[in-house]
Amino acid sequence: MVRELGYRGFDVGIDSTGGLGPPVATQDLLEQRPGAESRLFIHMSEEHRAVVEMQVRELFLTLLNSLQESGREPYLSILGHLDAFGNAIDLPPNLPYYIAERASVRQDGTLGSRIDQVAGFKRYVDSRHALENSLVALDVEGLDEQQSSDRTALRKALADLTDSFESSPHVALALQLYYDDVLRRPR
């Protein structure tokens, strides 16, 4: 049985296994735009979800870097929602940060020490980069028991961070504002 879930301007399909499809603008579905219905029920693998998250993150960073100084709406509202999301990021404080050195891996403090002073959407971006960099460093054979345990904890933290991004009302509202007030604005 295939169902549909809608939230704040975007709908996603839900397949029989509970997997979510990509977000499709509700307006596209209501106006029966070509391809909208078929996009709703595409199953997204973990790899595809990561690609979508990266694209949305890069879109927001580009948007924010080029327009946050404009002081105009809707950019201030978009920035406000993204900053509220980023400020709510709460990683476990003692997650280790790892770096790769030639033929070895070593712990270099904690993720918390790298992001504690960072605020706004940049906190999310920096958290994600720190988690990904640590996992890359730990993607080797011959890890000791503690490193293997840390790798498992880091993977869980990255999955939780991705889930928080995908389910955040702030991110959904920022996407909706971007779609409604930036992309669809008459030129």
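The values are calculated or read from the model by the stated rules, or taken from the named source; none is laboratory data. No experiment lies behind these values; they were computed from the predicted model shown. Positions of Cβ are backbone-derived with ideal geometry, glycine not excepted, and every protein chain shown enters the neighbour counts.
Of GLN146, GLN107, which residue is surrounded by fewer than 16 Cβ atoms within 10 Å (Cβ to Cβ) and touching a Pro at 6+ places or on another chain (Cβ under 6 Å)?
Result of the check over GLN146, GLN107: GLN107.
Using the structure shown, decide if GLY120 is in contact with a Gly (Cβ under 6 Å, 6 or more places away or on another chain) and assigned by TED's automatic domain parsing to the domain that holds PHE60.
Yes; evaluated as a whole, the condition is true for this residue.
Could you say which residue among ALA159, ALA153, ALA50 is farther than 23 Å from ASP181 by Cβ, hydrophobic (A, V, I, L, M, F, W, C) and modelled with pLDDT under 85?
Being farther than 23 Å from ASP181 by Cβ, hydrophobic (A, V, I, L, M, F, W, C) and modelled with pLDDT under 85 holds for just one of ALA159, ALA153, ALA50, which is ALA50.
Give, as residue ranges, the helices (runs of 4 or more DSSP H) completely inside region 70-187 that count at least 1 residues that are within 30 Å of ALA25 (Cβ to Cβ) and under 21 Å from the mean Cα position of the chain (by Cα).
Hits in region 70-187: 75-87, 121-137, 145-167, 169-177.
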